[in-house]
Ligand SMILES: [Zn+2]
């Protein structure tokens, strides 16, 4: 009898700090770089800039036409 207590529960909760409000957020999956996350504190849209460690930056989608 093989007792491998389901190794698929490999992922644990990950934390990231919102660069806008410094609020700590927790997610239970590993996002990909470039994925958009919402801050649960201030609702800002954040973009994953690194996964190890998990880091996010403020998404600047709205600043795209800043130069106009
Ligand atoms: Zn925030």
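For the reader, a short list of remarks on this structure follows.
- Search result, residues across the stretch 34-52 that are surrounded by fewer than 12 Cβ atoms within 10 Å (Cβ to Cβ) and either in contact (Cβ under 8 Å) with a residue 12 or more places away in the chain or in contact with a helix residue (DSSP H, G or I) (Cβ under 6 Å, 6 or more places away or on another chain) (or both): 34, 50
- Filtered residues of the stretch 53-68 (kept if in a loop (DSSP other than H, G, I, E, B), at pLDDT 90 or above and loosely packed, with under 14 Cβ neighbours inside 10 Å): 53
The values are calculated or read from the model by the stated rules, or taken from the named source; none is laboratory data. Treat the numbers as computed from the prediction; the structure is a model and nothing was measured. When we count neighbours, we look across all protein chains shown, and the Cβ atoms used for this are built from the backbone with ideal geometry, even at glycine.
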